[in-house]
């Protein structure tokens, strides 16, 4: 099983694999979700040793947090990490709001929905257009001092916004869109994050299923953001990753997750899941150790991105 990772300069530690919970109660984001499936997803994660649950107000406008709150009553709270996020203002058409008082109210509301007395990581989910970012982070620093949160994060911030937010070296973690086929963060964010001991969490690590091996050449129309050349490169890479997966008696998705776990620039990878079986499968990635050759080969297979 993989070792634990430390979140920034905080005292929070986590397993390197977490659970993204936008499909747990995220009825506003996905059709056909069932709350009971969501509960089983969270239980599966905790039972399989996945030590971080990543949620947000925006996932079902609080419903994801409520479902998680129901499930964790049966578990030792000290054994796992909860990350939540806020920015979308329900009193202003869900527009981003980084006002310090709004963020403090959001922390209190999340605590209530989760039924816990602390949140391990709290992110500003999206930047707004007018709040000075250091002021927003200072509000969370006050919540940290009060013991309501343990680590401070920002999500979907540009590099300049991260620098502004981290003016007083109080940002512990950054979450952003990143995968082997969406590698902008490597060039734009990673150097600064390394220099300032800020952890990184990628969302959409499996690229909406594209990196799981379930799509073929005939499915390019489902991924219009990729050119024909790029999509063909992804399919070719998938064939070679499958060879690596077969040698580990693993799936393509498990190997891709193992690659993220092995990357020192990534702290916790948080694939989502609609049903518990997907969680059980993802959890097996923590038991896979790629060789240096395998890691480098996978890296090179996706160097186009």
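The values are calculated or read from the model by the stated rules, or taken from the named source; none is laboratory data. Worth saying up front: this structure is predicted, and the values here are computed from it rather than measured. Using ideal geometry, Cβ is built from the backbone for each residue, glycine included, and neighbour counts are taken over all protein chains shown.
Quick notes on this structure:
- Failed condition for residue 68, given (1) within 19 Å of residue 154 (Cβ to Cβ); (2) in contact with a strand residue (DSSP E or B) (Cβ under 8 Å, 6 or more places away or on another chain): (1)
- Among residues of region 161-175 being touching a helix residue (DSSP H, G or I) at 6+ places or on another chain (Cβ under 9 Å) and more than 26 Å from residue 116 (Cα to Cα), the one that is surrounded by the most Cβ atoms within 10 Å (Cβ to Cβ) is 165.
- From 139, 87, residue being out of contact with any helix residue (DSSP H, G or I) (no Cβ under 6 Å at 6 or more places or on another chain) and either surrounded by fewer than 19 Cβ atoms within 10 Å (Cβ to Cβ) or modelled with pLDDT of 95 or more (or both): 87
- Which listed residue is at pLDDT 95 or above, touching a helix residue (DSSP H, G or I) at 6+ places or on another chain (Cβ under 8 Å) and surrounded by fewer than 16 Cβ atoms within 10 Å (Cβ to Cβ), from 100, 127, 132: 132
- The residues on offer are 64, 2, and the sole one that is buried (at least 16 other Cβ atoms within 10 Å of the Cβ), more than 23 Å from residue 171 (Cα to Cα) and at pLDDT below 95 is 2.
- Residue within region 35-49 that is assigned to a loop (DSSP other than H, G, I, E, B), under 13 Å from the mean Cα position of the chain (by Cα) and more than 30 Å from residue 95 (Cβ to Cβ) present: no
- You will find that of 50, 72, the residue that is more than 17 Å from residue 125 (Cβ to Cβ), out of contact with any helix residue (DSSP H, G or I) (no Cβ under 6 Å at 6 or more places or on another chain) and either free of Cβ contacts under 8 Å to residues at least 60 places away in the same chain or buried (at least 20 other Cβ atoms within 10 Å of the Cβ) (or both) is 72 and no other.
- Complete set of residues in region 253-281 that are in a loop (DSSP other than H, G, I, E, B) and farther than 20 Å from residue 215 by Cα: 263, 264, 265, 266, 267, 268, 270
- For region 124-151, taking the residues that are without any contact (Cβ under 8 Å) to a residue 60 or more places away in the chain and in a strand (DSSP E or B), the one that is nearest to residue 204 (Cα to Cα) is identified as 124.
- In region 84-101, the residues that are under 23 Å from the mean Cα position of the chain (by Cα), under 21 Å from residue 174 (Cβ atoms) and outside any loop (DSSP other than H, G, I, E, B): 84, 85, 86, 88, 96
- Under the condition of being crowded, with 16+ Cβ neighbours inside 10 Å and assigned to a helix (DSSP H, G or I), the residues counted in region 282-294 number 6.
- Flag for residue 243 being under 23 Å from residue 291 (Cα atoms) and out of contact with any strand residue (DSSP E or B) (no Cβ under 8 Å at 6 or more places or on another chain): yes
- Those residues of region 237-276 which are more than 24 Å from residue 175 (Cα to Cα) and out of contact with any helix residue (DSSP H, G or I) (no Cβ under 8 Å at 6 or more places or on another chain), in sequence order: 239, 243, 246, 247, 249
- Looking only at residues of region 50-83 that are under 27 Å from residue 129 (Cα atoms) and part of a loop (DSSP other than H, G, I, E, B), we find that the one that is nearest to the chain's Cα centre (by Cα) is 55.
- Every residue from region 262-279 that is buried (at least 16 other Cβ atoms within 10 Å of the Cβ) and closer than 30 Å to residue 31 by Cα: 268, 269, 270, 271, 272, 273, 274, 276, 278, 279
- Put simply, of 194, 187, 225 the only residue that is without any contact (Cβ under 8 Å) to a residue 12 or more places away in the chain, more than 20 Å from residue 255 (Cβ to Cβ) and either part of a helix (DSSP H, G or I) or in contact with a helix residue (DSSP H, G or I) (Cβ under 8 Å, 6 or more places away or on another chain) (or both) is 187.
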